[in-house]
Amino acid sequence: MKSTRQTTRLFAAAAAISLVAAACGSDDDGDAVDTTDAPAETSATDEPAETSAPAPSAECETAVDEDDSVASLTELDFSGIDVNVGSKDFVEQFVLSQLAIVALEAGGANVTDSTNLGGTVVNRDALLAGEIDTYFEYNGTGWTVHLAQEDPSFDPDVLTTDVCVNDLGENDVRWVGVSPFNNTYGFATAGDSPAAGLDLQGMMEYVNENPDATVCMETEYPNRPDGLVLLEEATGLTIPAGQEQILDVGVIYDETATGNCTFGEIFTTDGRIPALGLVVVEDPGVHVLYNVSMTMPDSVYQQAPEAFEALADTLLSDLDNDTIAELQRRVSADGEDPRAVAEDYLTQQGLI
């Protein structure tokens, strides 16, 4: 990853965000980019605007401070507190949100299930508008999309602290806890594909050398400042016209496994990767980190700060890549209900 973005990259990212904003209304349920804090477009002859964020401080330690996990979720005291839980529209979010719902109920909260709201912008707008009280968000998304910053740290604690400090200062949004797992963007191909075993540079070269090769992506990735623009910048190549397909995120895995997509955009912790025998394209460090935290308005957090910190740490501290992928596999491959998976996992952990 280059430490300083080129002007052309800034222009591409800003222009992409502007296009998405024009195409999507605030009630759009598809994954879209929140453009509230997006940098203004720059011309090729203008110097890019400075987008550096304030230096982190101790003002927001809730994400990466000491582990406040409890032995049983019944130790938490959320009695008399109403909590409306949202989520994005993919399996990992369903699992995470149900873990939170079950845990909050165990602590005595009055919980409303508003999960599967839609994409990034829908949940973020709902949180800022007070329509939901919490949802799980990713540090890479917070930094590049919600805060419109560049050059994120590749240390998960540093990046999460940076996001936590600045989102609290600018938007009164708390980031609580941080997961060990990193659900970053990636690409995969079928296990028996002649393209298996390539890294991202090799993937882009393969696509450019083979006109029948296709790259399947969901709607959000090509338009995000932390998505396709980073891949093109890192490899110096673009996907030729007519060789990219935009599909629903849930369809890409199956279409890649059957070979209808030579390469499919995936989330690296998705349980369908091992279930379908997909091979992940090696990423030398192109895509930014996506460790997850609970996000909530500070006014919600202040109702039970110790309980919310203990809740987030208890749920997230043991969720490494393998664990979250297995929980997702049970939903996406085995067809289990996300709430049942969450309850079973928390029971096995001795937490309920």
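The values are calculated or read from the model by the stated rules, or taken from the named source; none is laboratory data. Bear in mind that the values here come from a model prediction, so they are computed numbers and not experimental data. Please note: Cβ atoms are built from the backbone with ideal geometry, for glycine as well, and neighbour counts cover all protein chains shown. All accessible areas refer to the heavy atoms of the entire protein, side chains included, with ligands and DNA or RNA removed. Shrake-Rupley method; radii C 1.70, N 1.55, O 1.52, S 1.80 Å.
Here are the numbers for the structure shown:
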item	result
Some residue of the stretch 167-182 being in contact (Cβ under 8 Å) with a residue 40 or more places away in the chain and more than 24 Å from Thr62 (Cβ to Cβ)	no
Filter result (in contact with a Lys or Arg (Cβ under 7 Å, 6 or more places away or on another chain), at pLDDT 95 or above and not in a helix (DSSP H, G or I)) within the stretch 299-334	none
Within the stretch 79-105, tally of residues that are crowded, with 21+ Cβ neighbours inside 10 Å and farther than 27 Å from Gly118 by Cα	0
Within the stretch 118-218, strands (runs of 3 or more DSSP E) holding 3 or more residues that are open to solvent by less than 50 Å² (accessible area, probe 1.4 Å), of a type in the set (A, V, I, L, M, F, W, C) and modelled with pLDDT of 95 or more	173-176, 185-190, 215-217
Subset tally (residues that are of a type in the set (A, V, I, L, M), without any contact (Cβ under 8 Å) to a residue 60 or more places away in the chain and buried (at least 17 other Cβ atoms within 10 Å of the Cβ)) for the stretch 229-264	4
Meets criteria (open to solvent by less than 10 Å² (accessible area, probe 1.4 Å) and either in contact (Cβ under 8 Å) with a residue 40 or more places away in the chain or assigned to a strand (DSSP E or B) (or both)) for Ile273	no
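Here is a yes/no grid of residues against (1) among the charged types (D, E, K, R); (2) within 22 Å of Asn123 (Cβ to Cβ); (3) in contact with a strand residue (DSSP E or B) (Cβ under 7 Å, 6 or more places away or on another chain):
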site: Leu278; (1), (2), (3): no, no, yes
site: Met296; (1), (2), (3): no, yes, yes
site: Gln302; (1), (2), (3): no, yes, no
site: Phe308; (1), (2), (3): no, yes, yes
site: Asn321; (1), (2), (3): no, no, no
site: Arg330; (1), (2), (3): yes, no, no
